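The values are calculated or read from the model by the stated rules, or taken from the named source; none is laboratory data. Keep in mind that this is a model prediction, so the values were computed, not measured. Cβ sites come from the backbone with ideal geometry, for glycine too, and all protein chains shown count toward neighbours.
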Amino acid sequence: MARKDTARKAKDYDDIPGTVVFDAERSRQGFGINMFCMSLMKDENRKAFKANEPEYLKRFNLTPEQTEAILKRDYNRMLELGGNIYFTAKLGATDGHSFQHLAAVMTGSSQQDYAAMMLAGGRSVEGNRSRSGKAKPGSKSKSKPKSKSSAKRK
Amino acid sequence: MAKIIAGVGSSHVPAIGAALDNGRTEEPYWKRVFSGFEKSKQWMRETKPDVAIVVYNDHASAFSVDLIPTFALGCAAEFPPADEGWGPRPVPVVKGHPALAAHIAQSVILDEFDLTIVNKMEVDHGLTVPMNLLFGQPKDAWPCPVIPLAVNVVMYPPPTGHRCYMLGKAIRKAVESYPEDLEMVIFGTGGLSHQISGPRAGLINSKWDKAFLDNLSKDPKKLTRIPHIDYMREAGAEGIEMVMWLIMRGALEDQVDEVYRFYTVPASNTAVGHIILENRRRGAGKAKRPAAKTKRAAARNTSQAVRRGK
(Lines give C-alpha, C1' and ligand atoms only; values in the text may rest on other atoms or scores of the structure.)
Protein backbone atom coordinates (compact mmCIF):
# COMPACT_ATOMS: atom_id res chain seq x y z
CA MET A 1 0.00 0.00 0.00
CA ALA A 2 2.64 2.49 1.00
CA ARG A 3 4.05 2.62 -2.49
CA LYS A 4 6.42 5.29 -3.60
CA ASP A 5 4.92 8.53 -4.72
CA THR A 6 5.46 9.54 -8.24
CA ALA A 7 6.06 13.21 -8.86
CA ARG A 8 2.98 15.29 -8.27
CA LYS A 9 1.65 17.20 -11.20
CA ALA A 10 1.29 20.92 -10.68
CA LYS A 11 -2.25 22.03 -9.86
CA ASP A 12 -3.79 25.47 -10.15
CA TYR A 13 -4.44 25.54 -6.41
CA ASP A 14 -0.76 24.98 -5.62
CA ASP A 15 -0.50 28.72 -6.17
CA ILE A 16 -2.52 29.47 -3.02
CA PRO A 17 0.02 30.35 -0.33
CA GLY A 18 0.15 28.51 2.97
CA THR A 19 -2.40 26.01 1.77
CA VAL A 20 -2.25 22.27 1.15
CA VAL A 21 -5.34 21.13 -0.72
CA PHE A 22 -6.46 17.64 0.26
CA ASP A 23 -7.16 16.16 -3.15
CA ALA A 24 -7.69 12.61 -4.40
CA GLU A 25 -3.96 12.09 -4.83
CA ARG A 26 -3.20 13.18 -1.27
CA SER A 27 -6.12 11.15 -0.06
CA ARG A 28 -4.43 8.04 -1.43
CA GLN A 29 -0.99 9.08 -0.21
CA GLY A 30 -2.23 9.92 3.26
CA PHE A 31 -4.59 7.00 3.73
CA GLY A 32 -2.50 5.59 6.58
CA ILE A 33 -2.22 8.92 8.41
CA ASN A 34 -5.94 9.54 8.21
CA MET A 35 -6.91 6.00 9.19
CA PHE A 36 -4.54 6.25 12.15
CA CYS A 37 -6.27 9.48 13.17
CA MET A 38 -9.69 7.85 12.75
CA SER A 39 -8.59 5.04 15.06
CA LEU A 40 -8.16 7.63 17.82
CA MET A 41 -11.93 7.97 18.04
CA LYS A 42 -11.81 4.90 20.28
CA ASP A 43 -10.57 5.25 23.82
CA GLU A 44 -8.76 1.89 23.86
CA ASN A 45 -6.80 2.99 20.79
CA ARG A 46 -5.93 6.34 22.31
CA LYS A 47 -4.53 4.51 25.31
CA ALA A 48 -2.57 2.06 23.18
CA PHE A 49 -1.14 4.93 21.13
CA LYS A 50 -0.16 6.91 24.19
CA ALA A 51 1.44 3.86 25.80
CA ASN A 52 3.80 3.30 22.88
CA GLU A 53 3.48 5.65 19.94
CA PRO A 54 6.02 4.14 17.49
CA GLU A 55 4.72 0.65 18.12
CA TYR A 56 1.10 1.68 17.63
CA LEU A 57 1.90 3.49 14.38
CA LYS A 58 3.25 0.26 12.87
CA ARG A 59 -0.35 -0.82 12.36
CA PHE A 60 -0.95 1.75 9.67
CA ASN A 61 1.47 1.15 6.81
CA LEU A 62 3.01 4.59 7.11
CA THR A 63 6.13 5.81 5.33
CA PRO A 64 9.05 6.76 7.59
CA GLU A 65 8.36 10.44 6.81
CA GLN A 66 4.73 10.09 7.84
CA THR A 67 5.66 8.30 11.05
CA GLU A 68 8.18 11.00 11.87
CA ALA A 69 5.70 13.80 11.21
CA ILE A 70 3.16 12.19 13.53
CA LEU A 71 5.67 11.53 16.30
CA LYS A 72 6.94 15.11 16.07
CA ARG A 73 3.40 16.50 15.82
CA ASP A 74 4.45 18.37 12.73
CA TYR A 75 0.96 19.25 11.57
CA ASN A 76 1.93 21.07 8.40
CA ARG A 77 4.12 18.17 7.33
CA MET A 78 1.25 15.76 7.98
CA LEU A 79 -0.88 17.81 5.58
CA GLU A 80 1.87 17.73 2.95
CA LEU A 81 2.10 13.95 3.30
CA GLY A 82 -1.61 13.45 2.75
CA GLY A 83 -3.15 14.08 6.13
CA ASN A 84 -6.41 15.98 6.27
CA ILE A 85 -7.13 18.57 8.91
CA TYR A 86 -10.43 17.04 10.05
CA PHE A 87 -8.50 13.85 10.72
CA THR A 88 -5.29 15.27 12.17
CA ALA A 89 -7.44 17.35 14.54
CA LYS A 90 -8.28 14.05 16.24
CA LEU A 91 -4.60 13.61 17.07
CA GLY A 92 -4.58 17.09 18.55
CA ALA A 93 -7.64 16.23 20.63
CA THR A 94 -5.94 13.04 21.82
CA ASP A 95 -3.10 15.22 23.05
CA GLY A 96 -5.66 17.34 24.87
CA HIS A 97 -5.23 20.39 22.64
CA SER A 98 -7.97 22.69 21.45
CA PHE A 99 -8.35 23.21 17.76
CA GLN A 100 -7.14 26.74 18.08
CA HIS A 101 -3.89 25.41 19.50
CA LEU A 102 -3.37 23.38 16.33
CA ALA A 103 -4.24 26.35 14.15
CA ALA A 104 -1.70 28.45 16.00
CA VAL A 105 0.95 25.75 15.62
CA MET A 106 0.31 25.49 11.87
CA THR A 107 0.56 29.24 11.43
CA GLY A 108 3.70 29.49 13.53
CA SER A 109 2.19 31.84 16.08
CA SER A 110 1.31 31.59 19.73
CA GLN A 111 -2.22 30.61 20.58
CA GLN A 112 -2.74 33.99 22.18
CA ASP A 113 -1.68 35.84 19.06
CA TYR A 114 -3.73 33.58 16.86
CA ALA A 115 -6.83 34.11 18.99
CA ALA A 116 -6.23 37.86 18.95
CA MET A 117 -5.94 37.80 15.17
CA MET A 118 -9.27 36.00 14.89
CA LEU A 119 -10.96 38.44 17.23
CA ALA A 120 -9.63 41.31 15.15
CA GLY A 121 -11.36 39.89 12.08
CA GLY A 122 -9.05 37.09 11.01
CA ARG A 123 -6.21 36.91 8.53
CA SER A 124 -6.75 39.26 5.63
CA VAL A 125 -6.87 37.80 2.16
CA GLU A 126 -4.91 40.82 0.92
CA GLY A 127 -1.43 39.63 0.12
CA ASN A 128 -2.48 36.04 0.82
CA ARG A 129 -4.08 35.13 -2.47
CA SER A 130 -1.26 33.93 -4.63
CA ARG A 131 2.27 32.63 -4.42
CA SER A 132 3.10 33.82 -7.89
CA GLY A 133 1.77 37.27 -7.05
CA LYS A 134 3.44 37.51 -3.70
CA ALA A 135 6.60 39.09 -5.08
CA LYS A 136 4.61 42.18 -5.96
CA PRO A 137 5.67 45.21 -3.97
CA GLY A 138 3.40 46.03 -1.09
CA SER A 139 2.09 42.52 -0.54
CA LYS A 140 2.65 41.15 2.90
CA SER A 141 4.45 38.04 3.95
CA LYS A 142 2.12 35.12 3.44
CA SER A 143 2.16 33.32 6.73
CA LYS A 144 2.31 36.10 9.25
CA PRO A 145 -0.79 37.05 11.16
CA LYS A 146 -2.22 40.48 10.49
CA SER A 147 -0.23 43.35 11.80
CA LYS A 148 -2.87 44.12 14.39
CA SER A 149 -2.21 40.93 16.30
CA SER A 150 1.52 40.99 15.68
CA ALA A 151 1.60 44.37 17.31
CA LYS A 152 0.35 42.81 20.50
CA ARG A 153 3.46 40.73 20.70
CA LYS A 154 6.18 42.17 22.85
CA MET B 1 -48.34 17.88 -2.85
CA ALA B 2 -45.25 18.52 -0.79
CA LYS B 3 -43.40 21.75 -1.34
CA ILE B 4 -40.34 23.61 -0.17
CA ILE B 5 -41.39 26.97 1.21
CA ALA B 6 -38.12 28.40 2.47
CA GLY B 7 -34.38 27.99 2.61
CA VAL B 8 -32.03 28.57 5.52
CA GLY B 9 -28.31 29.12 5.19
CA SER B 10 -26.22 28.71 8.33
CA SER B 11 -22.66 28.09 9.41
CA HIS B 12 -22.11 24.89 11.37
CA VAL B 13 -19.02 25.75 13.41
CA PRO B 14 -18.33 22.96 15.94
CA ALA B 15 -17.37 25.44 18.66
CA ILE B 16 -20.94 26.77 18.54
CA GLY B 17 -22.12 23.30 19.48
CA ALA B 18 -19.55 23.10 22.26
CA ALA B 19 -20.67 26.49 23.61
CA LEU B 20 -24.29 25.26 23.66
CA ASP B 21 -23.42 21.93 25.23
CA ASN B 22 -21.26 23.51 27.92
CA GLY B 23 -23.72 26.26 28.81
CA ARG B 24 -21.51 29.12 27.62
CA THR B 25 -24.13 30.92 25.54
CA GLU B 26 -24.27 33.91 27.90
CA GLU B 27 -20.57 34.70 27.62
CA PRO B 28 -20.15 37.92 25.61
CA TYR B 29 -18.17 36.17 22.87
CA TRP B 30 -20.89 33.61 22.31
CA LYS B 31 -23.80 35.90 23.01
CA ARG B 32 -22.70 37.92 19.98
CA VAL B 33 -23.15 34.78 17.88
CA PHE B 34 -26.34 33.40 19.43
CA SER B 35 -28.17 36.71 19.53
CA GLY B 36 -28.11 36.67 15.75
CA PHE B 37 -30.30 33.59 15.74
CA GLU B 38 -33.02 34.67 18.15
CA LYS B 39 -35.27 35.99 15.37
CA SER B 40 -34.51 32.91 13.33
CA LYS B 41 -35.76 30.60 16.05
CA GLN B 42 -38.92 32.65 16.24
CA TRP B 43 -39.28 32.46 12.46
CA MET B 44 -38.85 28.70 12.63
CA ARG B 45 -41.44 28.35 15.39
CA GLU B 46 -43.92 30.25 13.25
CA THR B 47 -43.01 28.52 10.01
CA LYS B 48 -43.37 25.06 11.58
CA PRO B 49 -42.10 22.97 8.71
CA ASP B 50 -43.42 19.42 8.46
CA VAL B 51 -40.04 18.15 7.29
CA ALA B 52 -36.59 19.69 6.88
CA ILE B 53 -33.85 18.71 4.46
CA VAL B 54 -30.44 19.57 5.89
CA VAL B 55 -27.54 19.78 3.47
CA TYR B 56 -24.30 19.44 5.41
CA ASN B 57 -20.96 17.73 5.41
CA ASP B 58 -19.59 15.04 7.60
CA HIS B 59 -16.26 15.76 9.32
CA ALA B 60 -14.56 12.37 9.53
CA SER B 61 -17.35 11.05 11.73
CA ALA B 62 -19.67 8.84 9.65
CA PHE B 63 -17.40 8.81 6.61
CA SER B 64 -13.70 8.18 6.84
CA VAL B 65 -11.26 8.08 3.94
CA ASP B 66 -12.26 4.56 3.02
CA LEU B 67 -15.51 5.77 1.49
CA ILE B 68 -16.06 9.30 0.15
CA PRO B 69 -19.50 9.75 -1.41
CA THR B 70 -20.07 13.04 -3.19
CA PHE B 71 -23.77 13.21 -2.34
CA ALA B 72 -25.18 10.87 0.32
CA LEU B 73 -28.88 11.00 1.17
CA GLY B 74 -29.95 9.77 4.59
CA CYS B 75 -32.89 7.42 4.08
CA ALA B 76 -32.90 5.87 7.57
CA ALA B 77 -35.64 6.21 10.18
CA GLU B 78 -33.21 7.82 12.58
CA PHE B 79 -29.71 9.24 12.79
CA PRO B 80 -27.95 9.15 16.16
CA PRO B 81 -25.51 11.94 17.04
CA ALA B 82 -21.93 10.84 16.37
CA ASP B 83 -19.20 10.65 18.98
CA GLU B 84 -16.72 13.21 17.69
CA GLY B 85 -14.16 12.45 20.34
CA TRP B 86 -15.87 13.96 23.38
CA GLY B 87 -18.89 11.68 23.47
CA PRO B 88 -21.98 12.25 21.31
CA ARG B 89 -23.47 15.75 21.56
CA PRO B 90 -26.34 15.85 24.07
CA VAL B 91 -28.97 16.43 21.40
CA PRO B 92 -31.99 14.31 20.52
CA VAL B 93 -31.66 11.53 17.97
CA VAL B 94 -32.54 12.97 14.57
CA LYS B 95 -35.65 11.31 13.19
CA GLY B 96 -35.69 10.85 9.43
CA HIS B 97 -38.47 10.60 6.92
CA PRO B 98 -37.65 7.34 5.13
CA ALA B 99 -40.61 7.38 2.74
CA LEU B 100 -39.97 10.89 1.47
CA ALA B 101 -36.20 10.34 1.43
CA ALA B 102 -36.61 7.21 -0.70
CA HIS B 103 -38.91 9.12 -3.01
CA ILE B 104 -36.37 11.93 -3.40
CA ALA B 105 -33.55 9.45 -3.97
CA GLN B 106 -35.47 7.66 -6.69
CA SER B 107 -36.53 10.85 -8.37
CA VAL B 108 -33.14 12.56 -8.45
CA ILE B 109 -31.26 9.43 -9.49
CA LEU B 110 -33.58 9.06 -12.47
CA ASP B 111 -32.91 12.75 -13.03
CA GLU B 112 -29.25 11.74 -13.46
CA PHE B 113 -27.87 12.72 -10.05
CA ASP B 114 -26.04 9.64 -8.82
CA LEU B 115 -26.73 9.84 -5.11
CA THR B 116 -25.42 7.42 -2.56
CA ILE B 117 -28.21 5.99 -0.42
CA VAL B 118 -27.42 5.78 3.27
CA ASN B 119 -29.58 3.55 5.43
CA LYS B 120 -27.44 3.77 8.54
CA MET B 121 -25.56 6.87 9.54
CA GLU B 122 -24.52 8.90 12.53
CA VAL B 123 -24.62 12.67 12.17
CA ASP B 124 -22.08 15.13 13.52
CA HIS B 125 -22.02 18.85 14.35
CA GLY B 126 -22.30 19.69 10.66
CA LEU B 127 -25.96 18.73 10.89
CA THR B 128 -26.84 19.26 14.55
CA VAL B 129 -25.35 22.73 15.09
CA PRO B 130 -27.54 24.47 12.49
CA MET B 131 -30.52 22.55 13.88
CA ASN B 132 -29.76 23.96 17.34
CA LEU B 133 -29.42 27.44 15.94
CA LEU B 134 -32.85 27.28 14.31
CA PHE B 135 -34.76 24.85 16.53
CA GLY B 136 -33.14 25.69 19.86
CA GLN B 137 -32.18 22.96 22.29
CA PRO B 138 -35.11 20.57 22.62
CA LYS B 139 -34.51 17.91 25.26
CA ASP B 140 -36.37 14.91 23.93
CA ALA B 141 -37.16 15.38 20.28
CA TRP B 142 -36.57 17.74 17.36
CA PRO B 143 -39.74 19.46 16.19
CA CYS B 144 -39.79 17.79 12.77
CA PRO B 145 -38.28 14.90 10.83
CA VAL B 146 -35.06 15.67 9.00
CA ILE B 147 -33.61 14.26 5.80
CA PRO B 148 -29.83 14.65 5.89
CA LEU B 149 -27.95 15.21 2.65
CA ALA B 150 -24.23 14.80 3.23
CA VAL B 151 -21.95 16.39 0.64
CA ASN B 152 -18.26 15.71 0.26
CA VAL B 153 -16.44 18.99 0.74
CA VAL B 154 -13.54 17.46 2.68
CA MET B 155 -11.66 15.89 -0.22
CA TYR B 156 -11.03 17.99 -3.30
CA PRO B 157 -12.91 18.25 -5.55
CA PRO B 158 -16.31 18.77 -4.00
CA PRO B 159 -19.16 18.92 -6.50
CA THR B 160 -19.19 22.18 -8.45
CA GLY B 161 -21.45 25.01 -7.40
CA HIS B 162 -23.41 24.53 -10.58
CA ARG B 163 -23.90 20.83 -9.89
CA CYS B 164 -25.09 21.66 -6.38
CA TYR B 165 -27.53 24.24 -7.69
CA MET B 166 -28.93 21.82 -10.25
CA LEU B 167 -29.26 19.09 -7.60
CA GLY B 168 -31.30 21.56 -5.57
CA LYS B 169 -33.62 21.98 -8.52
CA ALA B 170 -33.94 18.21 -8.89
CA ILE B 171 -34.75 17.92 -5.20
CA ARG B 172 -37.46 20.52 -5.54
CA LYS B 173 -38.94 18.62 -8.47
CA ALA B 174 -38.81 15.40 -6.43
CA VAL B 175 -40.49 17.02 -3.45
CA GLU B 176 -43.25 18.47 -5.60
CA SER B 177 -44.08 15.04 -6.96
CA TYR B 178 -44.60 13.64 -3.48
CA PRO B 179 -48.34 13.21 -2.92
CA GLU B 180 -48.59 14.09 0.76
CA ASP B 181 -49.24 17.74 1.70
CA LEU B 182 -46.05 18.77 3.42
CA GLU B 183 -44.46 22.17 3.90
CA MET B 184 -40.71 21.89 3.95
CA VAL B 185 -37.65 23.95 4.71
CA ILE B 186 -34.23 23.20 3.26
CA PHE B 187 -30.98 24.10 5.02
CA GLY B 188 -27.66 24.79 3.33
CA THR B 189 -24.90 24.73 5.92
CA GLY B 190 -21.19 25.39 6.32
CA GLY B 191 -18.96 28.39 5.71
CA LEU B 192 -18.70 31.18 5.43
CA SER B 193 -15.08 32.12 4.77
CA HIS B 194 -12.60 30.17 6.84
CA GLN B 195 -9.40 28.24 6.58
CA ILE B 196 -8.42 25.91 9.38
CA SER B 197 -5.45 24.14 7.81
CA GLY B 198 -1.86 25.09 7.07
CA PRO B 199 0.10 28.31 7.50
CA ARG B 200 -2.75 30.42 6.05
CA ALA B 201 -5.23 29.23 8.71
CA GLY B 202 -7.38 31.98 10.14
CA LEU B 203 -8.25 33.53 6.78
CA ILE B 204 -11.52 35.46 6.77
CA ASN B 205 -12.89 37.43 3.83
CA SER B 206 -15.94 39.42 4.88
CA LYS B 207 -16.17 41.22 1.55
CA TRP B 208 -16.45 37.91 -0.25
CA ASP B 209 -18.98 36.63 2.27
CA LYS B 210 -21.20 39.67 1.87
CA ALA B 211 -21.13 39.38 -1.91
CA PHE B 212 -21.95 35.69 -1.60
CA LEU B 213 -25.00 36.40 0.57
CA ASP B 214 -26.13 39.22 -1.73
CA ASN B 215 -25.90 37.02 -4.79
CA LEU B 216 -27.47 34.07 -3.03
CA SER B 217 -30.54 36.22 -2.60
CA LYS B 218 -30.66 38.02 -5.89
CA ASP B 219 -28.45 36.38 -8.48
CA PRO B 220 -27.62 32.80 -7.54
CA LYS B 221 -26.74 31.86 -11.11
CA LYS B 222 -23.75 34.15 -10.80
CA LEU B 223 -22.55 32.04 -7.88
CA THR B 224 -22.90 28.82 -9.85
CA ARG B 225 -20.13 30.04 -12.16
CA ILE B 226 -17.54 30.47 -9.41
CA PRO B 227 -14.74 27.93 -9.89
CA HIS B 228 -13.39 26.02 -6.90
CA ILE B 229 -10.04 27.79 -7.07
CA ASP B 230 -11.79 31.10 -6.34
CA TYR B 231 -13.54 29.73 -3.26
CA MET B 232 -10.27 28.33 -1.91
CA ARG B 233 -8.22 31.39 -2.74
CA GLU B 234 -10.74 33.98 -1.56
CA ALA B 235 -12.72 32.22 1.17
CA GLY B 236 -10.13 29.75 2.47
CA ALA B 237 -9.39 26.10 1.76
CA GLU B 238 -12.32 25.03 3.93
CA GLY B 239 -14.51 27.91 2.79
CA ILE B 240 -15.21 25.84 -0.29
CA GLU B 241 -18.01 24.18 1.68
CA MET B 242 -20.12 27.21 0.77
CA VAL B 243 -21.07 25.29 -2.39
CA MET B 244 -23.55 23.44 -0.18
CA TRP B 245 -25.63 26.58 0.18
CA LEU B 246 -26.26 26.41 -3.55
CA ILE B 247 -28.19 23.14 -3.16
CA MET B 248 -30.52 24.97 -0.80
CA ARG B 249 -30.77 27.90 -3.20
CA GLY B 250 -31.42 25.66 -6.19
CA ALA B 251 -34.35 24.10 -4.36
CA LEU B 252 -36.03 27.50 -4.08
CA GLU B 253 -37.74 29.58 -6.72
CA ASP B 254 -35.63 31.90 -8.85
CA GLN B 255 -37.11 34.94 -7.10
CA VAL B 256 -37.12 34.79 -3.33
CA ASP B 257 -37.61 37.17 -0.44
CA GLU B 258 -34.68 37.56 1.88
CA VAL B 259 -36.37 37.77 5.26
CA TYR B 260 -33.35 37.72 7.51
CA ARG B 261 -29.60 37.89 7.48
CA PHE B 262 -26.91 37.76 10.12
CA TYR B 263 -23.14 37.87 9.90
CA THR B 264 -20.45 38.00 12.53
CA VAL B 265 -16.73 37.28 12.83
CA PRO B 266 -15.49 35.06 14.35
CA ALA B 267 -16.82 31.91 15.89
CA SER B 268 -13.60 30.13 16.67
CA ASN B 269 -11.86 30.18 13.24
CA THR B 270 -14.83 30.95 11.07
CA ALA B 271 -17.03 33.74 9.75
CA VAL B 272 -20.59 32.99 10.80
CA GLY B 273 -23.16 33.60 8.10
CA HIS B 274 -26.88 33.08 8.20
CA ILE B 275 -29.73 33.85 5.84
CA ILE B 276 -33.41 33.01 5.53
CA LEU B 277 -34.99 33.03 2.09
CA GLU B 278 -38.68 32.51 1.47
CA ASN B 279 -40.32 31.48 -1.73
CA ARG B 280 -42.74 34.13 -2.90
CA ARG B 281 -46.20 33.09 -2.05
CA ARG B 282 -48.41 32.78 -5.07
CA GLY B 283 -51.90 34.28 -4.88
CA ALA B 284 -53.45 30.83 -4.96
CA GLY B 285 -51.14 29.48 -2.30
CA LYS B 286 -52.37 27.86 0.85
CA ALA B 287 -53.47 30.32 3.51
CA LYS B 288 -51.70 28.52 6.29
CA ARG B 289 -49.54 31.47 7.20
CA PRO B 290 -51.56 34.63 6.74
CA ALA B 291 -49.15 36.57 8.92
CA ALA B 292 -46.24 35.91 6.61
CA LYS B 293 -46.06 39.42 5.26
CA THR B 294 -45.98 41.16 8.61
CA LYS B 295 -43.53 38.62 9.94
CA ARG B 296 -41.36 39.28 6.97
CA ALA B 297 -41.41 43.00 7.58
CA ALA B 298 -40.64 42.48 11.25
CA ALA B 299 -37.77 40.17 10.49
CA ARG B 300 -36.38 42.62 7.97
CA ASN B 301 -36.36 45.38 10.54
CA THR B 302 -34.59 43.15 12.99
CA SER B 303 -32.08 42.13 10.43
CA GLN B 304 -31.27 45.74 9.70
CA ALA B 305 -30.99 46.41 13.38
CA VAL B 306 -28.58 43.56 13.72
CA ARG B 307 -26.50 44.84 10.87
CA ARG B 308 -26.52 48.32 12.27
CA GLY B 309 -25.57 46.99 15.65
CA LYS B 310 -22.48 45.35 14.24
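Only residues that are within 11 Å of another protein chain (Cβ to nearest Cβ) and either assigned to a helix (DSSP H, G or I) or acidic (Asp, Glu) (or both) were counted in the range A:78-97, giving 13. Residues of the range B:197-227 that are at the interface with chain A (Cβ under 8 Å from one of its Cβ atoms) and of a type in the set (S, T, N, Q): B:Ser197, B:Asn205, B:Ser206. Pairing each residue of the range B:108-119 that is among the charged types (D, E, K, R) with any residue that is assigned to a helix (DSSP H, G or I), provided the two are 6+ apart or on different chains, yields C-beta distances under 6 Å for B:Asp111/B:Ala170.
Among the residues of the range B:83-95, the ones that are part of a loop (DSSP other than H, G, I, E, B), touching a Pro at 6+ places or on another chain (Cβ under 6 Å) and over 30 Å from B:Leu252 (Cα atoms) come to 1 in all.
Would you confirm whether any residue within the range A:86-102 is farther than 16 Å from B:Ala60 by Cβ and touching a residue at least 24 places away in the same chain (Cβ under 8 Å)? Reasoning before the result, please.
Taking the range A:86-102 first, the residues farther than 16 Å from B:Ala60 by Cβ are A:95-98, A:100-101.
If we keep only those that are touching a residue at least 24 places away in the same chain (Cβ under 8 Å) too, we end up with none.
Checked against the condition, which is being farther than 16 Å from B:Ala60 by Cβ and touching a residue at least 24 places away in the same chain (Cβ under 8 Å), the range A:86-102 yields no hits at all.
Within the range B:193-212, being part of a helix (DSSP H, G or I) and more than 20 Å from the chain's Cα centre (by Cα) holds for one residue alone: B:Lys207.
Considering every residue within the range A:44-65, establish whether at least one is facing chain B (nearest Cβ under 9 Å), farther than 21 Å from B:Asp83 by Cα and crowded, with 19+ Cβ neighbours inside 10 Å. Checking the range A:44-65: not a single residue is facing chain B (nearest Cβ under 9 Å), farther than 21 Å from B:Asp83 by Cα and crowded, with 19+ Cβ neighbours inside 10 Å.
Taken as a whole, the range B:166-187 holds no residue that is on the phi > 0 side of the Ramachandran plot and crowded, with 24+ Cβ neighbours inside 10 Å. Which ones in the range B:6-46 are buried (at least 21 other Cβ atoms within 10 Å of the Cβ) and more than 22 Å from A:Leu119 (Cβ to Cβ)? Listed by number, the residues that qualify are B:Ala6, B:Gly7, B:Val8, B:Gly9, B:Lys39, B:Ser40, B:Trp43, B:Met44.
Mind listing whichever residues of the range B:48-70 are surrounded by fewer than 20 Cβ atoms within 10 Å (Cβ to Cβ), at negative phi and within 18 Å of the chain's Cα centre (by Cα)? Break it down stepwise before answering.
Just the residues of the range B:48-70 that are surrounded by fewer than 20 Cβ atoms within 10 Å (Cβ to Cβ), to begin with: B:48, B:50, B:64, B:66-70.
Applying the additional criterion that residues be at negative phi yields B:50, B:64, B:66-70.
Of everything in the range B:48-70, those that are surrounded by fewer than 20 Cβ atoms within 10 Å (Cβ to Cβ), at negative phi and within 18 Å of the chain's Cα centre (by Cα) turn out to be B:Asp50, B:Thr70.
May I ask you to verify whether B:Thr189 is more than 11 Å from every other protein chain (Cβ to nearest Cβ), within 22 Å of B:Val265 (Cα to Cα) and modelled with pLDDT of 95 or more? Step through it out loud before you land on a result.
Numbers: more than 11 Å from every other protein chain (Cβ to nearest Cβ): yes; within 22 Å of B:Val265 (Cα to Cα): yes; modelled with pLDDT of 95 or more: yes.
The answer is yes for B:Thr189.
Quick test of your reading of the structure: A:Tyr86 fulfils all but one of (1) over 14 Å from the mean Cα position of the chain (by Cα); (2) under 19 Å from B:Ile68 (Cα atoms). Name the failing condition by number. Checking A:Tyr86 against (1) over 14 Å from the mean Cα position of the chain (by Cα); (2) under 19 Å from B:Ile68 (Cα atoms), the one that fails is (1). For the range B:84-110, taking the residues that are over 23 Å from B:Pro49 (Cβ atoms) and surrounded by 15 or more Cβ atoms within 10 Å (Cβ to Cβ), the one that is farthest from the other protein chains (Cβ to nearest Cβ) is identified as B:Ile109.
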